[in-house]
Structure formats: C-alpha cells, structure tokens
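The values are calculated or read from the model by the stated rules, or taken from the named source; none is laboratory data. On a predicted model such as this, the values are computed, not experimentally measured, just so you know. For neighbour counting, all protein chains shown are included, and Cβ atoms are generated from backbone atoms with ideal geometry for every residue, glycine included.
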Amino acid sequence: MDYLREIESKTAHDHHHHNHSNEKMKIRSPRRVYVPGPVIVGAGPSGLAAAACLKQRGVPSIVLERSNCIASLWQLKTYDRLRLHLPKQFCELPLMSFPQEFATYPTKQQFVHYLEEYAKRFEIRPLFGEAVASAEFDRSVGFWRVKSVGVKEGEETEFVCRWLVVATGENAEAVVPEIEGREEFEGPIVHTSSYKNGGVFGGKRVLVVGCGNSGMEVCLDLCNNNASPSLVVRDTVHVLPQEMLGKSTFGLSMWLLKWLPMNLVDRFLLVASRIFLGDTARLGLDRPCLGPLELKNLSGKTPVLDIGTLAKIKSGDIKVCPSIQRLTRYTVEFVNGSKENFDAIILATGYKSNVPSWLKESEMFSEKDGLPRRPFPNGWKGEYGLYAVGFTKRGLLGASIDARRIAEDIERCWKADAKHLAAFTRSLSPQS
Ligand SMILES: Cc1cc2nc3c(=O)[nH]c(=O)nc-3n(C[C@H](O)[C@H](O)[C@H](O)COP(=O)(O)OP(=O)(O)OC[C@H]3O[C@@H](n4cnc5c(N)ncnc54)[C@H](O)[C@@H]3O)c2cc1C
C-alpha cells in the first residue's frame, strides 16, 4: 500500500493540529490532510445538499468554503428585497421541507435560515475561509489532491481524497463587461452583487445594465426608492408573469409539460403572457424566436418572471435604452447616438463559474464556460471520482437531483471499499 506512505495518512478530524513528523519532514510544503470520504468544494445550497445526502447514506464528507458562512451568494451578494423566484416547493433541498409558515416565495432571510437549519440537522460543519486554488487527480496514487489557501493566514493545505464534488456554483464570480470610457465616468459603477437596496440612490438617475431577473428587480427597487432608473436592454428577452390567475407560471409549465410537448406549452405561455402583460416588444423588450422553455432548454437562458417592473416601464417610470457605446464624465452615449446624463451605473450582468481557474481537468468541465460539457441530466459525473452538483441551469431543483445521484453513486464505492477493508483486516487477524 504505497499510497498510504505517500499520503502520510491523517484523518479529516485531526487536521486542525499539526502533525509533528509532517512538520519535521516537510517544513515548507503545505499541510496535508487525508480525507477518507469525499471533499466537497463550496458550501452553497448545492454543497450542503450533497453533504446531507451523503451523510444520510453513512458517508462522511468535508466541505471547503472560501467565505466565512454558508450560502455566501445569498448572504453576502444579494439585495435586501430578494425572494426566491420560484414557489417554495420547487426550491427545497433533499430530505428537509420548508417550514409551513414560510411564504410561497420565501424571503432571502427565510431561505438562509432554512439552510442554516439544514446544515445543523445534518451536522454539516464546513471549513470556512478555505479557498480552493487547485485540484488535480494524481494518477500515480489514484487520489485527488485539493489545495486550498486559508483566506486569513494564507496557509496552504492539501486535502487528499478519492472523491471530489465540485459545488462552487454557476454564480461564483461576477461578470463585469468592459465599457469604453469606464475610468472617465465620475459616478459609482457597481455590480448587482454589491447592491443592497435603492436607499442611497434616492433622487438619482441610475442606469441598470442587463435585463435578467436581477436587472428588472433592481429597477423596481430603485423606483420604489424614488430614484429614476433606466434599463439597458441589449438582447431579446422573454418576460412572463410570475403568476397566472393565482397559479405560479413555473408550476403551471411543469404541470403542462407532463401532458403536452414543449413547443405547445411555449405557445400557451406566450399567448397567456400577451393577455396578462401585453406586447412587450412595444416596450422595447423583443422576444427571442424560440419559446421560453425551448430557449431555456437549449441555452440555459432563464425567462424573466415579472413582479411589477413591466408596469413601471409602461408608466414611464423606467426607461428602456439600447446598448452603451461609451462613457464620459457624466454622460452615457448609446449605440443609437443618443446621450444622457447619469449619476450611477449598476451592472446586472450576471455571474460565471470559476471552475477552470482551479480544477486541473478539461474532460468533464468546459474550459470556456466552466460548466459540465454533458447536458442535463448527465453532467453530474466525471472520471476518477469527480462529481458536479448545481451546474444544471435548473436552480435548486437541479442541484437536488444531482446531490441525490452523487450520494447514491459514492455510497456504492464507499461500501465496496469498506467490505475490502474488512476482509483485509480479517485476513491480518491471528485467528484467520
Ligand atoms: C439573485 C439570485 C436569485 C436566485 N433565485 C433563485 C431561485 O429563486 N430559485 C432557484 O432555484 N435558484 C435561484 N438562483 C440560482 C442560485 O444560483 C441557486 O439557487 C443557488 O444559490 C445555487 O447554489 P450553489 O450552491 O450551486 O451555488 P452558490 O450558492 O453560488 O454556492 C457556491 C459556494 O461555493 C463557494 N466557492 C466558490 N469558489 C470556491 C473555491 N474556489 N473554494 C471554496 N469555495 C468556493 C462560494 O463562496 C459559494 O458559497 C438565484 C441566483 C441569484 C444570483
């Protein structure tokens, strides 16, 4: 068992204490920790779901998280008024329901509370402040080497494990587009990940770039805080009502898909949207050629679920603008040649995966977008004990499906290993 020597086996439980022989032998190399079960990178909803499903099947894991809390996207990078966009029954993690008293669309605070209770219930205690900087499969020993850097002290640790679960999310890093003249612009330019509420923008002219769910909602929030928002719409977009006659559009679509083909459900959604919202193209929001579900299925582009922004566009409280050409000190010049003064710019330009920056592997994950190459439902499993949870472009529902599959798969190997180990131990005992 050469690898045991190589690894200088330590368990996850004693990793806080420095091992003397380790220190003597390798003064400058990183601390090395042998993890008997899987290492999960990321303590967002996906990482927690995977850890819980594994725990339930008797497989211990450790979770590495770069920030200082669980669900850092939700706790640190989202705006105050955020609620789940989908009804709660579509956002539950495996093995634990939302409390009954939660609203149909739980608030961000409720969702974070649920996740904290979830972590408690399954005794998930992530190692916080550990940013994974690289992970590579070491063929010579058949293990993953996962290197993390302590965010506080800069101390390096190498975790050695057989299974690696990537749970760093589709939203790990903010996408910030290059805009000509950016340095010249005098006002603040902030990404939605640092926008909390419109309070500080009262009375100001604010340009919001990007018309996804976040951009639309930030505009609404700015209106409610007496700012004057304008919305840059570069692309075509499907806007659907969040609810139709008291039923959630998402739920209704899921139900219809049980009986009808996708293109018919799309047609229904478009007719219904026309009835409830009117012709969005007349407001400057052209619809894509493909229907909302087909587009989501093919490209992952999520339709906007309207929660009141459209009415503000209709009333003229929110202005729709074309793409930005360039910025000067106080002015934004648009591609159609028009110019307008603004006090601040908010970039609702989305997020991207950071997997290519740390995972030394290119078969399972695309280096281009950091997402699994194989589409849903097949993107969760790679080679050599590599797994992905939460990269399905299907939100929390997709993450839950991944988490269950991963736990089932790892449990199988875990049990087989345990059997071998038991047989091996028996063969060593004097009675045998
Ligand atoms: C504004 C907003 C609203 C949303 N609303 C909904 C909704 O209503 N319903 C829905 O289903 N989905 C929604 N989503 C999608 C959302 O991304 C998922 O619901 C969910 O947060 C995904 O969980 P995750 O664990 O995969 O990723 P994340 O929540 O992003 O968690 C990933 C974690 O990994 C950590 N991490 C990243 N890189 C490293 C590294 N190198 N080392 C260590 N740790 C690392 C991050 O700090 C983070 O804590 C929303 C997203 C946004 C931005």
Open item on the list: I'd like the residue in the stretch 141-161 that is more than 15 Å from the ligand (Cβ to nearest atom) and touching a residue at least 60 places away in the same chain (Cβ under 8 Å) and, out of all such residues, is surrounded by the most Cβ atoms within 10 Å (Cβ to Cβ).
Closed with: 143
- [ ] Would you please list the contacts, defined by Cβ atoms under 9 Å and residues six or more apart or on different chains, that run from a residue in the stretch 339-356 that is closer than 15 Å to residue 167 by Cα and assigned to a loop (DSSP other than H, G, I, E, B) to a residue that is more than 11 Å from the ligand (Cβ to nearest atom) and acidic (Asp, Glu)?
- [x] 353/369
Task: Test result for residue 43, within 12 Å of the ligand (Cβ to nearest atom), buried (at least 20 other Cβ atoms within 10 Å of the Cβ) and in a helix (DSSP H, G or I) - done: no
- [ ] Name every residue in the stretch 312-338 that is assigned to a loop (DSSP other than H, G, I, E, B), closer than 24 Å to residue 197 by Cα and either at pLDDT below 95 or not polar (S, T, N, Q) (or both), in order of residue number.
- [x] 316, 317, 318, 330
- [ ] Please enumerate the residues belonging to the stretch 303-336 that are of a type in the set (Ser, Thr, Tyr), touching a Lys or Arg at 6+ places or on another chain (Cβ under 6 Å) and in contact (Cβ under 8 Å) with a residue 24 or more places away in the chain.
- [x] 323
Task: Segments classed as strands (runs of 3 or more DSSP E), wholly inside the stretch 112-205, with at least 3 members that are touching a Phe, Trp or Tyr at 6+ places or on another chain (Cβ under 6 Å) - done: 130-138
TODO: Mind listing just one residue for me: the one in the stretch 50-65 that is outside any strand (DSSP E or B) and touching a Gly at 6+ places or on another chain (Cβ under 8 Å) and, of those, nearest to residue 389 (Cα to Cα)?
DONE: 54
TODO: Look at the stretch 83-108 and say how many of its residues are more than 25 Å from residue 40 (Cβ to Cβ) and out of contact with any Pro (no Cβ under 6 Å at 6 or more places or on another chain).
DONE: 11
Task: Yes/no for residue 244 being without any contact (Cβ under 8 Å) to a residue 60 or more places away in the chain and closer than 20 Å to residue 83 by Cβ - done: yes
TODO: Out of the residues in the stretch 335-348 that are of a type outside the set (D, E, K, R) and touching a strand residue (DSSP E or B) at 6+ places or on another chain (Cβ under 6 Å), state the one that is farthest from residue 175 (Cα to Cα).
DONE: 341
TODO: Among the candidates 200, 206, single out the residue that is in contact (Cβ under 8 Å) with a residue 60 or more places away in the chain, over 25 Å from the mean Cα position of the chain (by Cα) and closer than 23 Å to residue 324 by Cβ.
DONE: 206
